[in-house]
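Contents: one structure, followed by commentary.
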Ligand SMILES: Nc1ncnc2c1ncn2[C@@H]1O[C@H](COP(=O)(O)OP(=O)(O)OP(=O)(O)O)[C@@H](O)[C@H]1O
Ligand SMILES: [Mg+2]
């Protein structure tokens, strides 16, 4: 879903943006209420997560004004411990739910899932249709290089029929994004899009997660539970990291995909599975088949339509568009200048983490540079640090020390000297940050 996060605490905004993006959402952040309202007017969001106490307009005012203007986004409000009555008031005025500070970012995920389920129900009832598929594909998938144009063409083909799709590509190349765009542009768009991260389920939970279980099916199964195939009924089931499905579970999956029926664990009644399957992998599945870790028959079943998602280093022509797109998102539409030397560094980098790495790099640089992207703030390893280059060890050491000191100084400045916040910003443990600061006499 597209989410707006409005919180005057920059660090909380950043960590929410990271965690919610990791959960498959697209996140725009801003730090005051008036800006939040402006963004809600200009862009479409499914959910606004707003702090109740903010400069400019407070969260309650943003909510009221949005409701008065007919803005459709659902609101989740963040409130300080001890001011729950205000949160209750927000609920009475139409907020979907609230969380009290301090909270773990993961607490938002079940709330977002409930909103998603509710919205797909509503879409089914009202028969909403969106813009034309080609426009949507262009809107969501940024890039105009020849490899990306080919991807978009294939996405259009996949959206136009109901066959299974296999997405292959390195980490961060946009497989999740492509899967959701195929769904959004397909005839199933009014039904749910359900993602299963096959890598995160312990082997014995996988089957229950996919197919659900009946009451008493195993110890701990106190209530019957729907599986992801149930939740995706009529829509699309996205199996991310499908190569992580345990080998002995693969046969069951193959059967469901072939016969379109399954049984819940502990159940005897066949349930029909009207879903379109999109699977994704970072690995070479043919090699996995040769290693005896992946079933060949399942592979052929999934590999009906296949999209090879190109690595960012193979489509560097898309950098300017991608940089613009992500900076717009990160800065909530404010203009951000990119120094020419920063652009050169972006072009020279190898991007092992692909578009995700680019987005994170830009976000950090934006925060450190306060609205301007400079080469130093990007903190990319100098070209000398890349494996293919010929730099001497002394060279590398000196440059790394220089970058490190620079990053530390900038992080402290960006967080007004708050070391805990600076450590979070840099992705370090506080104790590691302290060691670094001591080493640089900071
Ligand atoms: N073509 C693109 N245009 C705009 N944003 C993109 C594009 N490709 C990827 N992104 C962004 O890059 C980030 C990573 O993308 P995504 O999660 O889809 O990658 P992935 O291939 O599923 O990675 P992984 O294999 O690690 O799960 C997301 O924030 C996504 O929005
Ligand atoms: Mg993914």
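A few points about this structure:
- Filtered residues of region 226-246 (kept if in contact with a strand residue (DSSP E or B) (Cβ under 7 Å, 6 or more places away or on another chain) and away from ligand 2 (no atom under 13 Å from the Cβ)): 226, 227, 228, 229, 230, 231, 232, 235, 236, 237
- Out of 274, 244, sole residue that is at pLDDT below 95 and within 16 Å of ligand 1 (Cβ to nearest atom): 244
- Residues located in region 9-38, provided they are surrounded by 21 or more Cβ atoms within 10 Å (Cβ to Cβ), more than 16 Å from ligand 2 (Cβ to nearest atom) and under 14 Å from residue 73 (Cα atoms): 28, 36, 37
- Scanning region 139-148 for residues that are exposed (fewer than 13 other Cβ atoms within 10 Å of the Cβ) and either assigned to a loop (DSSP other than H, G, I, E, B) or within 13 Å of ligand 1 (Cβ to nearest atom) (or both) returns a single hit, 139.
- Any hit, region 227-234, residues being within 16 Å of ligand 1 (Cβ to nearest atom), surrounded by 22 or more Cβ atoms within 10 Å (Cβ to Cβ), closer than 22 Å to residue 112 by Cβ and modelled with pLDDT of 90 or more: no
- Filtered residues of region 41-61 (kept if within 20 Å of the chain's Cα centre (by Cα) and either surrounded by fewer than 19 Cβ atoms within 10 Å (Cβ to Cβ) or farther than 22 Å from residue 103 by Cβ (or both)): 43, 44, 46
- Single match in 384, 427, 371, 375 (criterion: at pLDDT 90 or above and under 30 Å from residue 325 (Cβ atoms)): 375
- Qualifying residue in region 198-211 (condition: touching a strand residue (DSSP E or B) at 6+ places or on another chain (Cβ under 7 Å) and within 16 Å of ligand 1 (Cβ to nearest atom)): yes
- Residue satisfying all of: in region 247-256; out of contact with any strand residue (DSSP E or B) (no Cβ under 6 Å at 6 or more places or on another chain) and in contact (Cβ under 8 Å) with a residue 12 or more places away in the chain; farthest from residue 220 (Cα to Cα) among these: 254
- Region 184-212 - residue that is within 10 Å of ligand 2 (Cβ to nearest atom) and closer than 19 Å to residue 285 by Cα and, of those, surrounded by the fewest Cβ atoms within 10 Å (Cβ to Cβ): 199
- For region 155-183, a tally of residues being away from ligand 2 (no atom under 16 Å from the Cβ) and within 16 Å of the chain's Cα centre (by Cα) returns 0.
- Within region 189-201, if we keep just the residues that are touching a helix residue (DSSP H, G or I) at 6+ places or on another chain (Cβ under 7 Å) and assigned to a loop (DSSP other than H, G, I, E, B), the residue that is nearest to residue 240 (Cα to Cα) turns out to be 198.
- Residue list for region 156-188, restricted to those being near ligand 1 (Cβ under 10 Å from one of its atoms) and assigned to a helix (DSSP H, G or I): 175, 176, 177, 178, 179, 180, 181
- Subset tally (residues that are out of contact with any helix residue (DSSP H, G or I) (no Cβ under 9 Å at 6 or more places or on another chain) and closer than 14 Å to residue 10 by Cα) for region 418-440: 0
The values are calculated or read from the model by the stated rules, or taken from the named source; none is laboratory data. All values derive from a computational prediction rather than experimental measurement. Don't worry about glycine lacking a Cβ; one is built from the backbone with ideal geometry, like all the others, and counts go over all protein chains shown.
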